[in-house]
Structures are given as C-alpha cells and as structure tokens.
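Okay, so here's the structure we're looking at.
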Amino acid sequence: MPVIAHLSDPHLDLSPERSRRLIAVLDLVRDLSFLDGLLVTGDLADHGAAAEYAEFFAALPVGLPTLVVPGNHDLSAPFLAALSHAGHEQTLSGTLDLGGVRIVGMDTHIDSRDDGFLTPESMASARERIASAPGHVVLAMHHPPVPVGHDLADSLYRLTNPEALAALVAEHEQIIGLFTGHVHAGLATTFSGVPLLGAPGIVSTMRLGSKIDPIADTTAMPGLALHTIDSAQIRTVFHHLSPSAL
C-alpha cells in the first residue's frame with residue numbers, strides 16, 4: 001500500500017522566494033516517515049536553466065525514491081543533463097515501482113510551448129512499461145487531459161491530443177489512475193473511467209473564475225497531494241502549508 005507525496009510546479013528561478021516555498025514543502029515531505037516515494041509533475045525550473053535544475057535536485061530528500069517529469073517551462077537538454085548529474089534515470093518519462101504499483105511517467109511537454117502533446121514515441125514507451133508492470137499502474141504527466149474551467153488554461157495550456165491518452169487507458173485495465181500538475185490547483189475528476197488527480201501548485205495558485213490579471217496568485221500557500229494506493233483504490237488528501245511554514 002504505497003503512499004506517495006505528489007508535488008508540482010515549483011518554477012524555480014533562483015529567487016529566494018521560490019526556493020523558500022519549495023523547501024518548505026520538502027521539509028514537510030521529510031517529516032512524513034511513512035512515505036514510499038515522491039512524484040513531481042513538471043515545471044521544476046521557470047526558464048529551463050541549468051542552475052535552476054541544480055537548485056531543484058539539490059533540495060530533494062536523500063534516499064526517497066523520486067520520479068520527475070517535465071512541464072511546459074522545462075527544456076529537454078538541461079533537464080536531462082540535470083537528471084544525469086543528480087544520478088537519476090536519464091529520461092523524460094521515467095518509471096517508479098513502489099510496493100507492486102508502477103508509476104509511469106509520460107512526457108507531454110514541447111520545448112518553448114505552453115500546450116502539451118503526447119508523441120507516438122512517448123505512447124510507445126508507455127505501452128512497453130505498462131506491459132511489463134508487476135501490478136497496477138498510475139500514469140503521471142504535466143498537462144491534464146481535461147478542461148479545468150479556466151478560459152486561459154483551457155484554451156492555451158491544454159493537452160492537445162487527449163484522445164490518444166484515452167485510448168491508452170482503455171487498452172490497459174491495470175491503469176487505475178492519472179496524476180497531473182500544470183494548473184497550480186488541486187484537481188479531482190475522472191478520465192476514461194479512472195481517477196485523475198492533480199497536485200496544488202508550489203510557486204502559486206490558479207485564481208478562480210477565469211481571472212487572468214494575473215492568472216496566478218503568488219500569495220497563496222503552497223501545497224501537495226498525498227496519494228495512498230490500496231489495491232486498485234486511490235485515496236488522496238490535498239494539503240496546503242500554514243503561513244508559519246514560510
């Protein structure tokens with residue numbers, strides 16, 4: 001029954017403010033002795049710079065199995081270089097096996113674009129890793145394949161081929177859920193008959209009601225999702241830090 005801390009969208013830019021927000025969330029992660037793994041669903045860096053990735057990987061808890069996937073602010077070459085330097089699996093779509101459950105990372109990002117796309121290569125890689133999974137599978141990616149009810153997010157920042165993902169889920173009955181990021185808000189819905197759960201943002205929270213001036217509230221507290229996978233069931237708690245944590 002693995003328990004996974006799911007973080008998303010730290011958007012590190014070498015500023016002390018963003019670093020402080022990420023470290024506060026990771027301090028909480030370190031205090032949770034029952035965790036089996038850590039998942040971060042994209043936008044690790046704000047500009048895709050090597051120094052931003054170095055700061056991110058240096059902040060991660062030592063010894064906790066971790067999977068990261070890229071987001072629309074990430075850039076492939078420096079992302080892969082940082083993975084290599086930090087000793088992680090050198091791929092944009094890694095895999096994490098925890099207690100008989102396989103988390104299959106999927107790369108939805110396109111360098112220097114806000115929207116997402118699942119390439120045939122990414123789909124083929126996912127199929128191979130699903131086929132060899134020891135048990136249940138959860139897919140992890142940056143862009144959610146559903147509208148979230150915000151005009152800008154749904155028109156410009158969407159996954160542009162959700163039908164490909166729906167077909168993948170329909171093909172494999174061992175897929176029991178999807179974990180996403182990107183919208184800087186906790187998200188709970190279903191997609192292709194399975195739960196879809198998105199983590200809150202670390203750098204900011206998406207404002208409600210399609211407000212775009214600005215779309216992000218940087219004064220809102222950072223948060224995370226805690227997923228407990230019990231057989232084919234996923235239980236999720238969304239948690240936001242208190243102001244004293246910053």
Subject >> Filter pass, His150 being open to solvent by less than 10 Å² (accessible area, probe 1.4 Å), more than 18 Å from the chain's Cα centre (by Cα) and not hydroxyl-bearing (Ser, Thr, Tyr) >> reply: yes
Original post:
Is there any pair linking a residue in segment 93-105 that is open to solvent by 10 Å² or more (accessible area, probe 1.4 Å) to one that is among the polar types (S, T, N, Q) and in a strand (DSSP E or B), with Cβ under 7 Å and at least six apart or on different chains, and which?
Top reply: Arg102/Thr95
**OP:** Exactly one condition in (1) within 17 Å of the chain's Cα centre (by Cα); (2) in a loop (DSSP other than H, G, I, E, B); (3) under 23 Å from Thr236 (Cβ atoms) is not met by Leu118; state its number.
**Re:** (3)
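Among the residues of segment 158-175, write down those that are assigned to a loop (DSSP other than H, G, I, E, B), surrounded by fewer than 19 Cβ atoms within 10 Å (Cβ to Cβ) and touching a residue at least 24 places away in the same chain (Cβ under 8 Å). Let's see the steps before the verdict.
Restricting attention to segment 158-175, the residues satisfying the condition of being assigned to a loop (DSSP other than H, G, I, E, B) are 158, 160-161, 172-174.
After this cut, where a residue has to be surrounded by fewer than 19 Cβ atoms within 10 Å (Cβ to Cβ) as well, the list is 160-161, 172-174.
Selection gives Thr160, Asn161, His172, Gln174.
If you go through segment 219-235, how many residues are among the β-branched types (Val, Ile, Thr) and free of Cβ contacts under 8 Å to residues at least 24 places away in the same chain? Lay out the reasoning, then the answer.
Applying the first criterion (among the β-branched types (Val, Ile, Thr)) to segment 219-235 yields 219, 228-229, 234.
Retained after the next criterion (residues that are free of Cβ contacts under 8 Å to residues at least 24 places away in the same chain): 219.
So the answer is 1.
Please specify each residue of segment 3-16 satisfying the condition of being in contact (Cβ under 8 Å) with a residue 12 or more places away in the chain and either surrounded by fewer than 20 Cβ atoms within 10 Å (Cβ to Cβ) or of a type in the set (Lys, Arg) (or both). Can you show your working first?
Initial filter on segment 3-16 (in contact (Cβ under 8 Å) with a residue 12 or more places away in the chain): 3-14.
Across segment 3-16, the qualifying residues are Val3, Asp13, Leu14.
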Original post:
Any chance segment 19-35 includes a residue that's polar (S, T, N, Q) and crowded, with 24+ Cβ neighbours inside 10 Å?
Top reply: no
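Output yes when any residue across segment 183-191 is open to solvent by 30 Å² or more (accessible area, probe 1.4 Å) and not small (Gly, Ala, Ser), and no when none is. Before the answer, list the steps.
Looking only at segment 183-191, we keep the residues that are open to solvent by 30 Å² or more (accessible area, probe 1.4 Å), and these are 186, 188-190.
Now drop any that are not not small (Gly, Ala, Ser), which leaves 189-190.
Within segment 183-191, one or more residues are open to solvent by 30 Å² or more (accessible area, probe 1.4 Å) and not small (Gly, Ala, Ser).
What number of residues within segment 125-136 are in a helix (DSSP H, G or I) and exposed (fewer than 15 other Cβ atoms within 10 Å of the Cβ)? Break it down stepwise before answering.
So the first thing to find is which residues in segment 125-136 are in a helix (DSSP H, G or I), and the list is 125-131.
Now restrict to residues that are exposed (fewer than 15 other Cβ atoms within 10 Å of the Cβ): 127-128, 131.
Matching residues across segment 125-136 total 3.
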**OP:** Could you list, in sequence order, all residues of segment 106-124 that are open to solvent by 40 Å² or more (accessible area, probe 1.4 Å) and not acidic (Asp, Glu)?
**Re:** Ile110, Ser112, Arg113, Phe117, Thr119, Pro120, Ala124
Original post:
Does His239 satisfy being closer than 20 Å to Leu38 by Cβ and either open to solvent by 40 Å² or more (accessible area, probe 1.4 Å) or of a type in the set (Phe, Trp, Tyr) (or both)?
Top reply: yes
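Within segment 72-91, how many residues turn out to be under 20 Å from Ile4 (Cβ atoms), in contact with an Asp or Glu (Cβ under 9 Å, 6 or more places away or on another chain) and open to solvent by 30 Å² or more (accessible area, probe 1.4 Å)? Quick ask: steps written out before the conclusion?
Taking segment 72-91 as the starting set, the residues that turn out to be under 20 Å from Ile4 (Cβ atoms) are 83, 86, 88-89, 91.
Checking which are in contact with an Asp or Glu (Cβ under 9 Å, 6 or more places away or on another chain) leaves us with 83, 91.
Then keep just the ones that are open to solvent by 30 Å² or more (accessible area, probe 1.4 Å); that gives 91.
Residues in segment 72-91 being under 20 Å from Ile4 (Cβ atoms), in contact with an Asp or Glu (Cβ under 9 Å, 6 or more places away or on another chain) and open to solvent by 30 Å² or more (accessible area, probe 1.4 Å): 1 in total.
The values are calculated or read from the model by the stated rules, or taken from the named source; none is laboratory data. As the structure is a prediction and not an experimental result, all values here were calculated from the model. Note that each Cβ is placed from the backbone with ideal geometry, even for glycine, and that neighbours are counted across all protein chains shown. Note: accessible area is taken over every heavy atom of the protein model, side chains too, but ligands, DNA and RNA are not part of it. Shrake-Rupley method; radii C 1.70, N 1.55, O 1.52, S 1.80 Å.
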